[in-house]
Structures are given as structure tokens and as C-alpha cells.
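Colleague: Below: one structure in C-alpha cells.
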Amino acid sequence: MDFDRIVLLADARKRVRDGKTARDIRVQAGVTMEDMAYALGVTQSTISRWEGGSRQPRGDAAIRWAQLLTELDRLNQSVAAA
């Protein structure tokens, strides 16, 4: 694993450690679990487990989830500021 990938993975794990926060970001953006699952290439039940805290995403899935949540959070903040 190269340096950039390790940094991305560490950042992703830090961002997605709290499933409740992830759920709040997703809901505020108006994105369903089904939409999130489709975008990430996982099942809806996987998203539910991540948000419920019974599982943590790993590897590429963790990176993709953190990136998507970061973008949704930015969108939520820009809408709130408008």
C-alpha cells in the first residue's frame, strides 16, 4: 500500500468512526440508504450496519464512504449557509 493510500485510509477511518454522524449527514442531504449503497457498491444492509455501529467499513469501501460523506456534508453546509 502506498503512502497516499494509507493517508486516505486513516482519514476515512477517522471520519466514519461515528455511524450516527454519518447517518445524520446522509439524512440531511436527503440521500436514502439504498442510494448510498448503490453509489458505494455495497448493500443497503451494509450501510445500516455501518451507521448502526455494528460494523466498520474497511479498505476501499471506507475511503469511498468517507469521501461521499465529506461531499454530502459540504453540500449540507452550503445549503445551510445560503
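Colleague: Report the local net charge at GLY30: Lys and Arg +1, Asp and Glu -1, summed over other residues whose C-beta lies under 14 Å from its C-beta.
Modeller: For residues surrounding GLY30, the net value is -3.
Colleague: While we're here: Note the per residue figure in Å³ for the convex hull of the C-alpha positions in the chain.
Modeller: About 86 Å³ per residue, rounded to a whole number.
Colleague: Can you find, among LEU72, PHE3, GLY19, the residue sitting farthest towards the positive end of the charge dipole of the chain, where Lys and Arg contribute +1 and Asp and Glu -1 at Cβ?
Modeller: Going by the charge dipole, the pick is GLY19.
Colleague: Follow-up question, since we're still on this one. Under DSSP H, which helices of the chain have Cα atoms covering 27 Å or more of the helix axis and a Kyte-Doolittle average no less than -0.5?
Modeller: 59-81
Colleague: Now for a different question. Taking K and R as +1 and D and E as -1, what net charge do the other residues with C-beta under 14 Å from the C-beta of ARG5 add up to? Don't jump to the answer; show the numbers that get you there.
Modeller: Numbers: positive: ARG13, ARG58, ARG64; negative: ASP2, ASP4, ASP11, ASP60.
Counting the neighbours of ARG5, the net charge comes to -1.
Colleague: For Cα pairs less than 8 Å apart in space and 6+ apart in sequence, what is the mean separation divided by the residue count of the stretch 3-77, i.e. the relative contact order in percent?
Modeller: 44
The numbers here are math on the coordinates, done by the rules we state, and not lab data. Since the model is a prediction, treat every value here as computed from it, not as a measurement. FYI the Cβ positions are ideal-geometry reconstructions off the backbone, even for glycines, and counts take in every protein chain you see.
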